[in-house]
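Below is one structure, written out as structure tokens; the observations come after it.
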Amino acid sequence: MHRVFCSPLRYVQGEGVTTRLAAEMAVIGLAGPVLVVAGRSATKELAAVWGAAMSAAGWHHQVRVFGGECTAAEIDAISAEARTLGAKALVGAGGGKCLDAARGAAAAVGMPFVSCPTVASTDAPTSALSVVYTAAGTAEAYRIHGRNPDLVLVDSGVIVRAPVRYLVAGMGDALSTWYEGRAAAAAGRPNMRGGGTTQGALALARACLDTVLADGEEAVRAARERRVTPAVERIIEANTLLSGLGFESAGLGAAHAVHNGLTVLPGTPAALHGEKVAFGTLVQLVLDGTPAEEFATLVRFCRAVGLPVTLAELGLPAVTAADIDRIAVRATQPGETIHNLPRPVTPAEVAAAIREADARAAGIALRA
Ligand SMILES: [Zn+2]
């Protein structure tokens, strides 16, 4: 299989870099008019900064407040507004759904896309993927666009002002990247962009795990005090850039399939994406036959930063055997990334691995 590696054209991260938005766009040849699609809190916090940056560049811009759900209708409405404005670039600023909607609209109208995440809760900001929901917020479809964002601009000062739980959830998403990418590569399965894994993608995935384990606890302490420290910068990079390039160009495996399985039960919607992925990672470690000490290291790390490691901690205290079977059936449905593992896995095996991960994690205390 031929190898494929995809990434944004430019990635900029640092405290206060929002002031550089137009300048960084100009570096890669982008220009106004610009449509900014932004979440409510991002608009409140940053609209004045965008205004100053855009007028300094002499660009007309308009801010559209995101409707709250990434639906096909919202994507169409953003596309129409971009056309009416005569926009030459689309900026998304906010959480995952806002970025997904803006990214989807940019792809629909063939416009450059700038991704400005205001939380580091998932590895989606650098990717070419939009998750599209129905208006009811339930069913979902993946849209994989041809292009990654032209620019990803991450203001670390904005990230540490968001609730710390988001940064922690991002570590949960990032914990899975190495294990999933390694499995897909070992199985010779294609990555998310339709090619084989490169050594580069695997190296980034490994650096992602090492960074999260080394700097996670210190970053959480600093983020609680709203301080941008070197550890915070490294974790923002791990959650966003390393994990994003890793998952997309190395591949996904069991952890995200178990995440998708968990969504069939009422209750887990309260858990964030990365919190469910953290538990899914533990299930993958069981399926992979990972040594007990490595499993325990991950569980202790999760406990130290506040990631859930059992079904009860995920908000499912009264889960039944039938519930676990439903999770396992959904996790192994045709086309799921769990089939990227080097060997075939059955729903029964996954159900057993969920039980084992849950029981083993429950027995591991924070400190050895
Ligand atoms: Zn994820």
Check: Given the structure, is residue 27 free of Cβ contacts under 8 Å to residues at least 24 places away in the same chain and of a type outside the set (Gly, Ala, Ser)?
Finding: yes
Next item on the list: Name every residue in the range 265-284 that is surrounded by fewer than 22 Cβ atoms within 10 Å (Cβ to Cβ) and either more than 20 Å from the chain's Cα centre (by Cα) or closer than 17 Å to residue 356 by Cα (or both), in order of residue number.
Entry: 265, 266, 267
Check: Do any strands (runs of 3 or more DSSP E) lying entirely in the range 89-187 carry at least 3 residues that are open to solvent by less than 10 Å² (accessible area, probe 1.4 Å) and either acidic (Asp, Glu) or modelled with pLDDT under 95 (or both), and which ones are they?
Finding: none
Item checked: Given (1) more than 13 Å from the ligand (Cβ to nearest atom); (2) within 26 Å of residue 266 (Cβ to Cβ); (3) within 16 Å of the chain's Cα centre (by Cα); (4) not polar (S, T, N, Q), number of the condition residue 135 does not satisfy -> (3)
Checklist line | One residue from 105, 87 being more than 15 Å from the chain's Cα centre (by Cα) and farther than 26 Å from residue 166 by Cα | finding: 87
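Please return the ranges of helices (runs of 4 or more DSSP H) entirely within the range 207-297 where 1 or more residues are within 12 Å of the ligand (Cβ to nearest atom) and free of Cβ contacts under 8 Å to residues at least 24 places away in the same chain.
Filter on the range 207-297 gives 254-262.
Each row is one residue, and each column tells you yes or no for (1) in contact (Cβ under 8 Å) with a residue 60 or more places away in the chain; (2) closer than 18 Å to residue 33 by Cβ.
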site	(1), (2)
63	no, yes
68	no, no
71	yes, no
74	no, no
80	no, yes
85	no, yes
Check: How do the pairs read when you match residues in the range 183-202 that are under 19 Å from residue 129 (Cα atoms) with residues anywhere that are surrounded by fewer than 18 Cβ atoms within 10 Å (Cβ to Cβ), using Cβ under 6 Å and keeping only pairs 6 or more apart or on different chains?
Finding: 193/4; 195/2; 195/3; 195/4; 196/1; 196/3
Item checked: Failed item, numbered, when residue 330 is tested on (1) surrounded by 16 or more Cβ atoms within 10 Å (Cβ to Cβ); (2) outside any helix (DSSP H, G or I) -> (2)
Margin query: The conditions are (1) more than 14 Å from the chain's Cα centre (by Cα); (2) surrounded by fewer than 23 Cβ atoms within 10 Å (Cβ to Cβ), and residue 232 fails exactly one of them. Which is it?
Written below: (2)
Notebook entry, point to check: Can you tell me which of 177, 211, 240, 229 is among the hydroxyl-bearing types (Ser, Thr, Tyr) and out of contact with any helix residue (DSSP H, G or I) (no Cβ under 6 Å at 6 or more places or on another chain)?
Noted result: 240
Check: Based on what the data block shows, is residue 195 away from the ligand (no atom under 16 Å from the Cβ), over 18 Å from the mean Cα position of the chain (by Cα) and of a type outside the set (Phe, Trp, Tyr)?
Finding: yes
Next item on the list: Output the residues belonging to the range 1-46 that are surrounded by fewer than 15 Cβ atoms within 10 Å (Cβ to Cβ), of a type in the set (A, V, I, L, M, F, W, C) and touching a strand residue (DSSP E or B) at 6+ places or on another chain (Cβ under 8 Å).
Entry: 1, 27, 28, 31
Notebook entry, point to check: Looking at the range 107-130, which of the residues that are of a type in the set (A, V, I, L, M, F, W, C) and in contact with a Pro (Cβ under 7 Å, 6 or more places away or on another chain) is farthest from the ligand (Cβ to nearest atom)?
Noted result: 114
Margin query: Residue under question is residue 223, and the condition is that it be closer than 28 Å to residue 344 by Cα, of a type in the set (Gly, Ala, Ser) and at pLDDT 95 or above; does it hold?
Written below: no
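The values are calculated or read from the model by the stated rules, or taken from the named source; none is laboratory data. These numbers were taken from a predicted model, which means no experiment stands behind them. Positions of Cβ are backbone-derived with ideal geometry, glycine not excepted, and every protein chain shown enters the neighbour counts. The accessibility values were calculated without ligands, DNA or RNA, using every heavy atom of the protein model including side chains. Shrake-Rupley method; radii C 1.70, N 1.55, O 1.52, S 1.80 Å.
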